[in-house]
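S.K.: Take this structure first; my questions come after.
The values are calculated or read from the model by the stated rules, or taken from the named source; none is laboratory data. No experiment lies behind these values; they were computed from the predicted model shown. When we count neighbours, we look across all protein chains shown, and the Cβ atoms used for this are built from the backbone with ideal geometry, even at glycine. Just the protein is used for accessible areas: all its heavy atoms, side chains included, with ligands, DNA and RNA removed. Shrake-Rupley method; radii C 1.70, N 1.55, O 1.52, S 1.80 Å.
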Amino acid sequence: MGKNKKYLFIGMVWSIIRSIEFVRLSDKQEGIAAILIQFGFDKPHFTTGYLTLILYNLFPILMFQMIFGIRIYKHFVVANAYYFSRVHNKDNWYRKEVATLLIESLVYNIFYYGTATILLYVANKGSLDGNVFYVLLYSILYSWLYTFTTTLLINLLAIRLGSHNSFILVYSIQLISIASLLVYDERFPLHGFLKMLFQLNPISNLILSWHSTGDAAVNSMIHIHNIDFPLLQSILYFIVIGAMITAFGIVLIKKVDIALDQKEVQG
């Protein structure tokens with residue numbers, strides 16, 4: 001991770017700042033699992049105010065995207081000019097880059113949620129409930145897989161469109177995904193085709209409180225929209241999306257051999 005260790009510091013600092021907001025809940029002796037759900041993406045309803053808070057809670061992920069959004073792209077520019085002229089196995093190079101991004105995004109989210117859990121544990125004077133690690137695990141997994149897939153997509157689009165355009169495009173997709181949730185209310189309930197569209201929305205899969213689980217204790221803290229939305233379903237969703245984006249990258253780097261710096265001029 002080398003010189004990019006500073007990204008861990010950024011994640012920890014933001015985690016500390018956000019944790020302070022929730023320390024006051026410790027005075028009520030509310031379980032850490034319930035507080036962690038609020039720390040993540042809370043329990044948003046389909047109103048402008050709540051959906052704006054989703055964007056606020058996306059900030060640590062957006063920061064990671066900004067730091068690593070063109071790292072693979074920049075490495076590819078250098079490799080395309082020097083490394084690939086001698087070594088033609090682009091697949092191995094790409095797999096190493098993807099693996100590094102996968103690990104860095106995992107460590108980042110472990111530090112982010114881990115720091116909050118430790119602070120809340122101390123504030124709660126050691127009062128842990130049995131569901132903390134359950135909630136913590138899924139919170140980390142959702143955020144990790146989302147962070148990885150979106151950041152990888154920015155890098156790959158930068159190869160084709162330039163870094164500026166790739167950021168704008170992926171950020172726009174995220175904003176549209178959030179804004180599209182406003183269509184759901186009493187007039188458009190979460191049933192049938194609309195429910196399917198809801199579960200295909202990447203933001204929906206990121207929010208723990210919109211899911212359901214067979215664990216009664218955890219389910220009572222989430223499942224606020226009363227729809228069948230299993231926690232594991234979103235894990236599989238992100239894995240499939242991540243695999244598709246990764247496969248797209250393999251095809252892309254094999255085809256692109258031109259001078260990439262021209263993309264920045266054009267974009």
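S.K.: Select from segment 46-78 the residues that are open to solvent by 60 Å² or more (accessible area, probe 1.4 Å) and under 20 Å from the mean Cα position of the chain (by Cα) and write down the one among them that is nearest to Asp185 (Cα to Cα).
M.R.: Of everything passing the filter in segment 46-78, Tyr50 is nearest to Asp185 (Cα to Cα).
S.K.: Could you list, in sequence order, all residues of segment 151-183 that are closer than 24 Å to Leu194 by Cα and either in contact (Cβ under 8 Å) with a residue 40 or more places away in the chain or aliphatic (A, V, I, L, M) (or both)?
M.R.: Passing the criteria: Val170, Tyr171, Ile173, Gln174, Leu175, Ile176, Ile178, Ala179, Leu181, Leu182, Val183.
S.K.: Kindly indicate whether any position in segment 13-32 is touching an Asp or Glu at 6+ places or on another chain (Cβ under 7 Å), assigned to a helix (DSSP H, G or I) and modelled with pLDDT under 90.
M.R.: Checked segment 13-32: at least one residue is touching an Asp or Glu at 6+ places or on another chain (Cβ under 7 Å), assigned to a helix (DSSP H, G or I) and modelled with pLDDT under 90.
Residue by residue, here is whether (1) in contact (Cβ under 8 Å) with a residue 40 or more places away in the chain; (2) part of a helix (DSSP H, G or I) holds:
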site	(1), (2)
Leu197	no, yes
Asn205	yes, yes
Gly214	no, no
Ile224	yes, no
Ile235	yes, yes
Val240	no, yes
Met244	no, yes
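S.K.: Another question, if that's okay. Kindly indicate whether Ala116 is modelled with pLDDT under 95, aliphatic (A, V, I, L, M) and touching a helix residue (DSSP H, G or I) at 6+ places or on another chain (Cβ under 6 Å).
M.R.: The answer is yes for Ala116.
S.K.: Out of all the residues in segment 115-132, which are part of a helix (DSSP H, G or I) and free of Cβ contacts under 8 Å to residues at least 24 places away in the same chain? It would help to see each step written out before you state the result.
M.R.: If we filter segment 115-132 for residues that are part of a helix (DSSP H, G or I), which is where we start, we get 115-123, 132.
Across segment 115-132, the qualifying residues are Ile118, Val122.
S.K.: In this structure, does Ile207 turn out to be hydrophobic (A, V, I, L, M, F, W, C), at pLDDT 95 or above, under 17 Å from the mean Cα position of the chain (by Cα) and open to solvent by 40 Å² or more (accessible area, probe 1.4 Å)?
M.R.: No: the conditions fail for Ile207.
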